[in-house]
Amino acid sequence: MHTKRFYRDWIKDELASWTVREGESDLLIIGDGDLGKAASASLRRYRRDIEAYIDRNPLFESSLKPLNIREAEYKKLPAIIRAMTDASLTAGVGPMAGVAGAVSEFVGGDLVPLSATVIIENGGDIFIKSAVDRRLGIYAGDSPLSGRVGLLIKAGDTPCGVSTSSGTVGHSLSFGAADAVTVVARSATLSDAAATAIGNRVLREEDIADALNFSKTIEGVLGCVVIYKNKIGSIGNIELI
């Protein structure tokens, strides 16, 4: 059963869009070609990779900490599993903290040769490769800042990942209380894992500065925005709008 993702109603774009679903995955695909069939096949393939590895190593799904995987085994893993493992080690969270971003990133990578612009949104985790600059709004639940601030993503900075984690919105596991922690990173797998790690550190307004400083220690993170009730903080190479 898929929950309606009402923030998708905010989207205003001249490009075509498709919704692709498989299991728990619910992807919004935006591009300038017929990408629906290719996206569906790609999504099925990567979900099979993840599910098959979890069958072999159930800790990959349940661990809230990075896993130590022997180098010999690591080299044989599917690319999406290696990416999730790497992101979890970099951000200091469990491998599944980056799963939604990884799916967006890997499906997006398959579609890039077919379209000058590919944007994939998967539960607040976005892969973006764009031929023009894009404006992304930040949904932050009941915060008065929700929908009133966003990010300018420049075409030259893509492909990149933009992920939002929340302690007050949605079903994803978070130990924090921020209304939104949005991270821009080199990859969507990393932005997803990093948003979780940073969001876990925000329990009150006074934690915003420490969380932003922590984001600077995660290699590959380009910038971060934290929204807690009516307060906002940002850091890094990002442009708020």
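The values are calculated or read from the model by the stated rules, or taken from the named source; none is laboratory data. Every value quoted in this text rests on a predicted model; they were computed, and no experiment measured them. Cβ coordinates were reconstructed from backbone atoms using ideal geometry, including for glycine residues, and neighbour counts include every protein chain displayed.
For the range 199-226, what are the residues that are within 17 Å of the chain's Cα centre (by Cα), surrounded by 14 or more Cβ atoms within 10 Å (Cβ to Cβ) and either aromatic (F, W, Y) or more than 21 Å from A155 (Cα to Cα) (or both)? Within the range 199-226, G199, N200, S215, I218, V226 qualify. Is at least one residue of the range 79-94 surrounded by fewer than 19 Cβ atoms within 10 Å (Cβ to Cβ), of a type outside the set (S, T, Y) and farther than 29 Å from K37 by Cβ? Yes - at least one qualifying residue is present in the range 79-94.
Output the number of the condition that D157 fails; it satisfies all remaining conditions of (1) touching a helix residue (DSSP H, G or I) at 6+ places or on another chain (Cβ under 9 Å); (2) under 21 Å from D110 (Cα atoms); (3) charged (D, E, K, R). D157 satisfies every listed condition except (1).
Condition check: among the hydroxyl-bearing types (S, T, Y) and over 20 Å from I120 (Cα atoms). Does T217 satisfy that? When the stated conditions are applied, T217 passes them.
When residues in the range 125-138 are screened for being surrounded by fewer than 24 Cβ atoms within 10 Å (Cβ to Cβ) and either in contact with a strand residue (DSSP E or B) (Cβ under 9 Å, 6 or more places away or on another chain) or free of Cβ contacts under 8 Å to residues at least 12 places away in the same chain (or both), 7 of them pass. Taking (1) in contact with a strand residue (DSSP E or B) (Cβ under 8 Å, 6 or more places away or on another chain); (2) among the hydroxyl-bearing types (S, T, Y); (3) closer than 24 Å to G94 by Cα; (4) at pLDDT below 95 in turn, T168 satisfies each apart from (1).
Which residue out of V107, V99 is touching a residue at least 12 places away in the same chain (Cβ under 8 Å), farther than 23 Å from N237 by Cα, buried (at least 23 other Cβ atoms within 10 Å of the Cβ) and touching a Ser or Thr at 6+ places or on another chain (Cβ under 8 Å)?
Of the residues listed, the single one that is touching a residue at least 12 places away in the same chain (Cβ under 8 Å), farther than 23 Å from N237 by Cα, buried (at least 23 other Cβ atoms within 10 Å of the Cβ) and touching a Ser or Thr at 6+ places or on another chain (Cβ under 8 Å) is V107.
The residue that is surrounded by the fewest Cβ atoms within 10 Å (Cβ to Cβ), counting only those in the range 4-63 that are among the basic types (K, R) and at pLDDT below 90, is K12.
Taking each residue of the range 204-222 that is assigned to a helix (DSSP H, G or I) and looking for partners that are among the hydroxyl-bearing types (S, T, Y) with beta-carbon atoms closer than 8 Å, six or more apart or interchain, yields E205/Y228; D207/Y228; I208/Y228; L212/S234. For L111, the conditions (1) among the hydrophobic types (A, V, I, L, M, F, W, C); (2) in contact with a strand residue (DSSP E or B) (Cβ under 9 Å, 6 or more places away or on another chain); (3) modelled with pLDDT of 90 or more; (4) not in a helix (DSSP H, G or I) are fulfilled apart from (4). None of D179, D210 is among the acidic types (D, E) and touching a Gly at 6+ places or on another chain (Cβ under 7 Å) except D179.
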